[in-house]
Amino acid sequence: MNRPLFPPVAASDTAARFDLMQAALDMVSQGFTIIDADLRLVAWNRGFIEMLDFPPEFGRFGTPFETFMRYNAERGEYGPGPVEELVAQRVAAARAFAPHYFERERPNGRIIAVRGEPVPGRGFVTLYTDITEQRHSERLIREQNNELERRVAERTEALSRSEERLRLITDAIPALIAYFDREQVYRFANRGYAEWFGRGKEDVPGRRIAEVMGAPLHAELLPQIEAVLAGRSVSYEYSLRHADGTLRHASSTLVPEFGPGGEVRGGYVLSADVTEQKATQAALLQARKMEAVGQLAGGLAHDFNNMLTVVIGNLAALKERHPDDIALADCLDPALTAARRGVDLIRRLLSFARQQSLEPRPVDVARLVDELLPLLRRSLPESIAVDFPAPAPGLFAMTDPHQLENALLNLAFNARDAMAGGGRLAIRLASRTLAGAAAADLDLAPGDYVEIVITDSGQGMSAAVLARALEPFFTTKGYAAGSGLGLSMVYGFAKQSGGGLRLASAPGAGTEAWLHLPRCAPAAQAEAEGIGALPATPGHGLVLLVEDDAEVRRVVRMQLTGLGYPVIEAANGAEGLALLEQIEAIALVLSDVVMPGGIDGPRLAREVRARRPEVGVLLMSGYAGGPDVIAGEVPLLAKPFASHQLAAALEACRP
């Protein structure tokens, strides 16, 4: 007899199993339902009833699906609209028995996910999941992500604007800024730094240092680069020849960048173009050197003039006493000639020292040059062509015309000597307004100037020769070929006139000289009446000779007595004033300018004018313009002087 595979189950067992299954379903956190083919509830759990807030009595076998839909529609779960229509739509959808998933937000705000799967021929199974917290978290994360993205976008934009402003600032400031890494590769360079090396701003980052600055300069600066990559800050200066041929100078500082662990990541470069500063320093140094040499030259000139006064005075007196002695004349004439050449040499030295007497007045520079050209062309060989383009009219300079002629001739003759095989000499005139750096570069006060440019095509000068070209007695022409005072005299004349002289030259490229003189209006200015404008009376009156050098005093006394003037002497200003108070017969005072004791020539002249206005005053000086002597204020006679020069000067101011 065969037994059945599955023995029959008792009704009590079936009920127990059902209870067990229901208890298990009730423990599930999700809602659960099974709807049969007739759309009736056949299985469910407590989670379904509680999650969707259905009445407990709905949880029974056979409850129609339509009952749940109608309950929801009547309490507004599905929104506005006819209840029957809302119910019919959902019942029709359920009869399709198609898989479905949707999420529904209930009026209480809870979000329920509904997932249904059909059971073939038998209905469908549906799971209900409360995803409120999940969706809330997702929404919160999404909102936080959006906020984060917004903030990142804002900060990225702000950073971009900040970087752009930083680029604009670094490109605008007058500094050379760059950064390079440990491999000596540039990662940043501002516009100034790139242009310093003749490159575009975007052409520097990514290139090696040697490629940007060139191998020679890189080799020169390599010790400083290695020092900063070793963690030390360094400062240095270097020079760079630019593409236009100019030599530029830079002052640089390198600062290392350290990482979190103290390792060196690279180096920052901060440089400045100091070319103009160096030029200004060089000009100042040159001006101070020339000033010192000028003071020395002026002092020497004074002493030499006193000595030459004694020499020429005695030689001239000896010749006058023995006019018919031919043998004596053969000795005296060369001595007098040599002494007078010494006077001319001292005059040139005084010109450099800016202590010569000038008679400045408005001068039509174009007319002066035009009138000087015939003499200039006769003095130059035919192998040298002279160009003088017609300048603009109205170029008047406040200067001494005779000294200007001498200066131009000196410059032209220097150019001639530099063009032994012939060449071209050009003279150009222009009006220049100088201010700021342009005036400082030429060591001039800001203002309007007449610019005279003399250019030659000669052999030029080396940098070493050019640096000393304006020094007195410096010459490259060889022994006895020149005194070395030509250019220095022009320099002294220009500075004394309130202008300046600058030279530019290079071997094989000729020389260019810029002479600047203060520009003025063409109208002449009337001269102010000074101490020299004294009333004149006929006859040779008594002369008070005031001179601290006994030998000079003896020679001048001899010249005065030879001219028929009675003379009394004083060795200093105080003694001269005492004699002036005691002797009423004094008609003229002839005094040296520089004297010890506190009363020099100019002060003595003022005292004479105040105490004895009827007495004439004549000053003499080896400086040809001593301290506190204003041009035109007091008649001034330059030592040494001949008897006829002394006679003319005394005649001009005698009472």
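The values are calculated or read from the model by the stated rules, or taken from the named source; none is laboratory data. Computed from a predicted structure; not experimentally measured. Don't worry about glycine lacking a Cβ; one is built from the backbone with ideal geometry, like all the others, and counts go over all protein chains shown.
How many residues are part of a helix (DSSP H, G or I) and either of a type outside the set (Val, Ile, Thr) or exposed (fewer than 14 other Cβ atoms within 10 Å of the Cβ) (or both) if we restrict to the stretch 260-280?
Looking only at that region, the number is 4.
Which of the residues spanning the stretch 219-264 are on the phi > 0 side of the Ramachandran plot and at pLDDT below 90? First the steps, then the outcome.
Step one: filter the stretch 219-264 for residues on the phi > 0 side of the Ramachandran plot, giving 231, 245, 262.
Scanning the stretch 219-264 gives Gly245, Gly262.
Output the number of the condition that Leu127 fails; it satisfies all remaining conditions of (1) within 30 Å of Ala250 (Cα to Cα); (2) modelled with pLDDT of 90 or more.
Tallying (1) within 30 Å of Ala250 (Cα to Cα); (2) modelled with pLDDT of 90 or more, Leu127 fails exactly one: (1).
When the residues of the stretch 583-603 are narrowed to those that are over 24 Å from Met307 (Cα atoms) and touching a residue at least 60 places away in the same chain (Cβ under 8 Å), which ends up surrounded by the most Cβ atoms within 10 Å (Cβ to Cβ)?
Taking the stretch 583-603 and keeping what is over 24 Å from Met307 (Cα atoms), we get 583-588, 603.
Still in the running and touching a residue at least 60 places away in the same chain (Cβ under 8 Å): 587-588.
Values: Ala587: 20, Leu588: 23.
Filtering the stretch 583-603 for residues that are over 24 Å from Met307 (Cα atoms) and touching a residue at least 60 places away in the same chain (Cβ under 8 Å), the one surrounded by the most Cβ atoms within 10 Å (Cβ to Cβ) comes out as Leu588.
Out of all the residues in the stretch 396-409, is one or more surrounded by 15 or more Cβ atoms within 10 Å (Cβ to Cβ) and over 27 Å from Val363 (Cα atoms)? Walk me through it before giving the result.
We begin by selecting, within the stretch 396-409, every residue surrounded by 15 or more Cβ atoms within 10 Å (Cβ to Cβ); these are 396-401, 403-409.
Those left that are additionally over 27 Å from Val363 (Cα atoms): none.
The answer is no, given that none of the residues of the stretch 396-409 is surrounded by 15 or more Cβ atoms within 10 Å (Cβ to Cβ) and over 27 Å from Val363 (Cα atoms).
Out of the residues in the stretch 105-117 meeting the condition of being touching an Asp or Glu at 6+ places or on another chain (Cβ under 8 Å) and surrounded by 12 or more Cβ atoms within 10 Å (Cβ to Cβ), tell me which one is nearest to Gly76 (Cα to Cα).
If we take residues in the stretch 105-117 being touching an Asp or Glu at 6+ places or on another chain (Cβ under 8 Å) and surrounded by 12 or more Cβ atoms within 10 Å (Cβ to Cβ), then Arg106 is nearest to Gly76 (Cα to Cα).
Take the stretch 597-634 and flag every residue that is modelled with pLDDT under 85 and over 30 Å from Phe493 (Cβ atoms). Even if it seems obvious, please write down each step before you answer.
Start the filter on the stretch 597-634 by keeping residues that are modelled with pLDDT under 85, which leaves 597-598, 621-634.
Gly597, Gly598 - these are the residues of the stretch 597-634 that are modelled with pLDDT under 85 and over 30 Å from Phe493 (Cβ atoms).
Scanning the stretch 41-51 for residues that are without any contact (Cβ under 8 Å) to a residue 60 or more places away in the chain and assigned to a strand (DSSP E or B), which turns out nearest to Tyr128 (Cα to Cα)?
First, pick out the residues of the stretch 41-51 that are without any contact (Cβ under 8 Å) to a residue 60 or more places away in the chain: 41, 43-46, 49-50.
So of that shortlist, the ones also assigned to a strand (DSSP E or B) come out as 41, 43-44.
Working: Leu41: 15, Ala43: 14, Trp44: 11 Å.
Filtering the stretch 41-51 for residues that are without any contact (Cβ under 8 Å) to a residue 60 or more places away in the chain and assigned to a strand (DSSP E or B), the one nearest to Tyr128 (Cα to Cα) comes out as Trp44.
Hey, among the residues in the stretch 52-63 that are farther than 16 Å from Ala113 by Cα and assigned to a loop (DSSP other than H, G, I, E, B), which one's modelled with the lowest pLDDT?
First, pick out the residues of the stretch 52-63 that are farther than 16 Å from Ala113 by Cα: 54-63.
Narrowing further to those that are assigned to a loop (DSSP other than H, G, I, E, B): 54-55, 59-63.
Values: Phe54: 91, Pro55: 93, Gly59: 87, Arg60: 90, Phe61: 90, Gly62: 91, Thr63: 92.
Here the answer is Gly59.
Those residues that are in contact with an Asp or Glu (Cβ under 9 Å, 6 or more places away or on another chain), more than 16 Å from Gly47 (Cβ to Cβ) and not in a loop (DSSP other than H, G, I, E, B), I need them from the stretch 118-138; list them, please. Step through it out loud before you land on a result.
In the first step, residues of the stretch 118-138 are kept if they are in contact with an Asp or Glu (Cβ under 9 Å, 6 or more places away or on another chain); the result is 119, 122-127, 131-132, 135.
Keeping just the survivors that are more than 16 Å from Gly47 (Cβ to Cβ) gives 119, 122-124, 135.
Val119, Gly123, Phe124, Arg135, listed by residue number.
Taking interchain pairs and intrachain pairs at least six residues apart, which have beta carbon atoms under 8 angstrom, with the first residue in the stretch 98-122 and touching a residue at least 60 places away in the same chain (Cβ under 8 Å) and the second surrounded by 12 or more Cβ atoms within 10 Å (Cβ to Cβ) and in a loop (DSSP other than H, G, I, E, B)?
Ile112/Leu52; Ile112/Arg106; Ile112/Ile131; Gly121/Ala37; Arg122/Ala37
Looking at the stretch 12-40, I want the residues that are closer than 20 Å to Phe54 by Cα and have a partner that is basic (Lys, Arg) and at pLDDT 80 or above with Cβ atoms under 7 Å, at least 6 apart or on another chain. Which pairs are those?
Qualifying pairs under 7 Å: Asp26/Arg46; Leu39/Arg95.
Could you list all residues from the stretch 197-211 that are modelled with pLDDT under 90 and part of a helix (DSSP H, G or I)?
Lys201, Glu202, Asp203, listed by residue number.
Confirm whether Asn145 is over 24 Å from Ala37 (Cα atoms), loosely packed, with under 14 Cβ neighbours inside 10 Å and in the same structural domain as Asn45 (by TED's automatic domain parsing). Even if it seems obvious, please write down each step before you answer.
Working: over 24 Å from Ala37 (Cα atoms): yes; loosely packed, with under 14 Cβ neighbours inside 10 Å: yes; in the same structural domain as Asn45 (by TED's automatic domain parsing): no.
For Asn145, the condition - over 24 Å from Ala37 (Cα atoms), loosely packed, with under 14 Cβ neighbours inside 10 Å and in the same structural domain as Asn45 (by TED's automatic domain parsing) - is not met.
For the stretch 179-195, enumerate the residues that are at pLDDT 90 or above and among the hydrophobic types (A, V, I, L, M, F, W, C).
Phe180, Val185
Here is a list: Ala178, Ala158, Ala113, Ala153. Which entry is outside the structural domain of Gly266 (by TED's automatic domain parsing), among the hydrophobic types (A, V, I, L, M, F, W, C) and assigned to a strand (DSSP E or B)?
Ala113
What pairs can you find where one residue is in the stretch 557-582 and assigned to a loop (DSSP other than H, G, I, E, B), the other is of a type in the set (Gly, Ala, Ser), and their Cβ atoms are less than 7 Å apart, with a gap of 6+ or different chains?
Leu563/Ser643; Leu563/Ala647; Asn572/Gly597
Which of the numbered conditions does Ile169 fail, given that it passes all the others? Conditions: (1) at pLDDT 85 or above; (2) under 53 Å from the mean Cα position of the chain (by Cα); (3) not aromatic (Phe, Trp, Tyr).
In the conditions (1) at pLDDT 85 or above; (2) under 53 Å from the mean Cα position of the chain (by Cα); (3) not aromatic (Phe, Trp, Tyr), Ile169 misses (1) alone.
Going by the conditions given, is Gly245 touching a Pro at 6+ places or on another chain (Cβ under 6 Å) and assigned to a loop (DSSP other than H, G, I, E, B)?
Here the answer is no, as Gly245 does not meet what is asked.
Pairs please, first residue from the stretch 401-424 and closer than 18 Å to Trp514 by Cα, second anywhere and among the hydroxyl-bearing types (Ser, Thr, Tyr), Cβ atoms under 6 Å, 6+ apart in sequence or on different chains.
What qualifies is Arg424/Ser457.
Evaluate the stretch 118-130: report whether one residue or more is surrounded by 11 or more Cβ atoms within 10 Å (Cβ to Cβ) and among the small types (Gly, Ala, Ser).
The initial filter retains those residues of the stretch 118-130 that are surrounded by 11 or more Cβ atoms within 10 Å (Cβ to Cβ), namely 118-119, 122-130.
Adding the requirement that they be among the small types (Gly, Ala, Ser) leaves 123.
Yes, the stretch 118-130 contains at least one residue that is surrounded by 11 or more Cβ atoms within 10 Å (Cβ to Cβ) and among the small types (Gly, Ala, Ser).
What pairs come up if the first residue lies in the stretch 318-345 and is on the phi < 0 side of the Ramachandran plot, the second is part of a loop (DSSP other than H, G, I, E, B) and modelled with pLDDT under 70, and their beta carbons are under 8 Å apart, counting only those six or more places apart or on different chains?
Listed pairs, sorted by first residue: Leu345/Ser483; Leu345/Leu485.
Per-residue answers, yes or no, for (1) farther than 19 Å from Arg265 by Cα; (2) in contact (Cβ under 8 Å) with a residue 24 or more places away in the chain:
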{"site": "Phe180", "(1), (2)": "no, yes"}
{"site": "Phe188", "(1), (2)": "no, no"}
{"site": "Arg199", "(1), (2)": "yes, no"}
{"site": "Arg207", "(1), (2)": "no, no"}
{"site": "Leu217", "(1), (2)": "yes, no"}
{"site": "Asp244", "(1), (2)": "yes, no"}
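Checking the conditions here, which among Ala98, Ala88, Ala92, Ala73 is within 19 Å of Asp36 (Cβ to Cβ) and part of a helix (DSSP H, G or I)?
Details: Ala98 fails: part of a helix (DSSP H, G or I); Ala88 fails: within 19 Å of Asp36 (Cβ to Cβ); Ala73 fails: within 19 Å of Asp36 (Cβ to Cβ).
Exactly one of Ala98, Ala88, Ala92, Ala73 is within 19 Å of Asp36 (Cβ to Cβ) and part of a helix (DSSP H, G or I), namely Ala92.
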